[in-house]
Structure formats: C-alpha cells, structure tokens
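Scroll down for the structure; my scribbles are underneath it.
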Amino acid sequence: MVAGFVSSFGLQSQRGRPMVRKRTRLDMAVGILFSTTTGNTSNVADLIKQNIGTECKDPIDVGDISSAADYADCTGFIVGAPTWNTDADEDRSGTPMDEFINDGIEKLNLSGKPVAIFGLGDSVGYGDNFCDAIEELHDKFSSQGAKMVGYTDEGNYSHSSSKSAKNGKFLGLPLDEDNESDMTEARVKSWCSQLKGEMSL
Ligand SMILES: Cc1cc2nc3c(=O)[nH]c(=O)nc-3n(C[C@H](O)[C@H](O)[C@H](O)COP(=O)(O)O)c2cc1C
C-alpha cells in the first residue's frame with residue numbers, strides 16, 4: 001500500500017504527493033480598504049463593491065484590521081479615505097488610515113500590484129484643500145512598489161485647488177457628498193468601468 005500524505009489541510013494524497021489547495025476566486029480578489037468618520041467613505045466603498053462585483057472582496061475598515069498580512073493575497077487594492085486635517089502635510093485623513101499607511105501597508109505585498117485611490121471631501125467649504133488625502137495615500141502606496149491606476153480629470157470638479165491634482169489629473173477619484181451627492185453614483189460607475197480595464201478585472 002502506498003503511504004498517504006497528510007497535507008496541511010488534512011487531505012490525504014493517493015500518490016504520496018502533498019495536496020495543494022487550489023486558490024479560490026476570493027483568494028485572488030481585489031481588496032477594498034477604507035476609513036471614515038461620519039460614514040460617507042464607507043457608503044462609497046459599498047457602492048464600489050456593487051459596481052465591481054465578485055472580483056472584489058467586501059470592503060473592510062482599516063481600523064478593524066488586526067494584521068494587514070491577512071490581505072497579502074489580494075491581487076490589487078482600491079483604497080479610500082476622507083480628508084479632515086485641512087492643509088496638513090501628513091496625516092491628512094484624520095482617521096485610522098493615517099496610521100495604516102505608516103504602519104501596515106508594507107505587509108500587503110504591494111510590489112507590481114494595481115492600486116486605485118478614492119477620497120471624500122468638500123469642494124466648497126474646503127475648496128482650497130479638496131480631497132488632499134488622496135495624494136498622501138497615492139504616494140505611500142506608490143512608494144511600496146504598487147502600480148497606481150484610476151486617475152481622473154480635474155476639470156469635472158468645482159474646487160479651487162487640491163494637493164491631489166497634478167497636470168490636470170486627480171491621482172484617484174474625488175467625491176463630494178456634501179455638495180454633489182447627486183453625482184456620486186455616476187462618478188463611481190464610470191470609475192469602476194475604468195478600473196475594470198486598468199486592473200484587468
Ligand atoms: C472640520 C472639518 C474639516 C474638513 N476638512 C476638509 C478638507 O481639508 N478637505 C476636504 O476636501 N474636505 C474636508 N472636510 C469635509 C469631509 O472630508 C467630508 O465631509 C467627507 O465626506 C467626510 O467623509 P467621512 O464621512 O467618510 O468621514 C472637512 C470637514 C470638517 C467638518
């Protein structure tokens with residue numbers, strides 16, 4: 001009788017070879033990571049999940065993540081945060097995302113993975129610093145070797161200035177639930193179509 005092999009999943013190989021569990025679609029999916037104070041970014045994360053579908057895991061609040069390494073298998077990331085720390089150079093979000101991008105993302109195994117950023121802000125009340133946190137997130141993920149995608153046209157917004165806009169493009173998708181909530185659904189839908197192409201979903 002051929003000796004069986006007990007794999008780490010408790011399975012017995014008939015030919016003495018270790019049995020490797022096949023990766024499921026969920027293992028391979030894109031992760032949606034967000035943070036929020038009053039709930040707007042969380043709602044948009046849900047909308048993104050609805051638009052992308054099974055290619056994405058359910059959104060997770062980074063404040064609830066005990067180990068970022070649990071997400072290292074994701075094939076890419078869609079990351080969102082609001083801006084609360086007006087005109088700050090660092091910690092612009094003012095949410096747990098500030099800590100996560102300084103202590104956590106290195107465990108996500110980001111090298112070569114596509115990453116897209118979205119941000120929530122107020123283009124009227126804080127029109128000089130509209131969605132400034134997008135740039136900080138963008139640069140942190142980029143410095144970890146991620147391939148940044150999901151840039152959008154700056155001309156579609158009515159802000160005065162933003163650290164997150166470069167050469168006419170935002171480094172992600174800004175959204176304004178305070179003044180332009182009626183535009184959010186269409187903006188998210190269009191961005192998700194863009195991401196399906198850029199992230200090969
Ligand atoms: C005290 C305060 C500071 C804010 N600072 C900014 C800012 O600098 N830039 C910006 O675009 N929005 C700013 N906002 C608007 C919030 O980012 C916006 O309401 C956002 O939708 C909140 O998202 P959340 O519900 O996910 O926390 C600020 C709002 C408040 C009340």
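The values are calculated or read from the model by the stated rules, or taken from the named source; none is laboratory data. As the structure is a prediction and not an experimental result, all values here were calculated from the model. A quick note on method: Cβ atoms are made from the backbone with ideal geometry, for glycine too, and the neighbour counts reach across all protein chains shown. Just so you know, the surface numbers come from the protein's heavy atoms only, side chains and all, with ligands and any DNA or RNA stripped out. Shrake-Rupley method; radii C 1.70, N 1.55, O 1.52, S 1.80 Å.
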Top-ranked residue in region 140-154 [being closer than 14 Å to PHE118 by Cα and in a strand (DSSP E or B); ranked as most open to solvent (accessible area, probe 1.4 Å)]: ASP153
Flag if ALA133 is under 17 Å from the mean Cα position of the chain (by Cα) and within 16 Å of the ligand (Cβ to nearest atom): yes
Residues that are within 14 Å of ALA116 (Cα to Cα) and among the charged types (D, E, K, R), drawn from region 173-201: LYS196, GLU198
Residue check, LYS49 under 26 Å from LEU201 (Cα atoms), part of a helix (DSSP H, G or I), under 16 Å from the mean Cα position of the chain (by Cα) and within 16 Å of the ligand (Cβ to nearest atom): yes
Selection status of GLY63, surrounded by fewer than 19 Cβ atoms within 10 Å (Cβ to Cβ) and over 21 Å from LYS140 (Cβ atoms): no
Matching entry among GLU177, GLU136, GLU185 (being part of a helix (DSSP H, G or I), surrounded by 17 or more Cβ atoms within 10 Å (Cβ to Cβ) and modelled with pLDDT of 95 or more): GLU136
Test for VAL124: is it crowded, with 24+ Cβ neighbours inside 10 Å and aliphatic (A, V, I, L, M): no
Residue in region 155-168 that is of a type in the set (A, V, I, L, M), away from the ligand (no atom under 11 Å from the Cβ), closer than 11 Å to ILE117 by Cα and buried (at least 18 other Cβ atoms within 10 Å of the Cβ) present: no
Members of region 80-103 found to be more than 9 Å from the ligand (Cβ to nearest atom) and either in contact (Cβ under 8 Å) with a residue 60 or more places away in the chain or buried (at least 22 other Cβ atoms within 10 Å of the Cβ) (or both), listed by number: PRO96, MET97, ASP98, PHE100, ILE101
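Hey, can you tell me all the residues within region 104-119 that are open to solvent by 10 Å² or more (accessible area, probe 1.4 Å) and not basic (Lys, Arg)?
Going through region 104-119, the residues open to solvent by 10 Å² or more (accessible area, probe 1.4 Å) turn out to be 106-107, 109, 111-114.
Within region 104-119, GLU106, ASN109, SER111, GLY112, PRO114 qualify.
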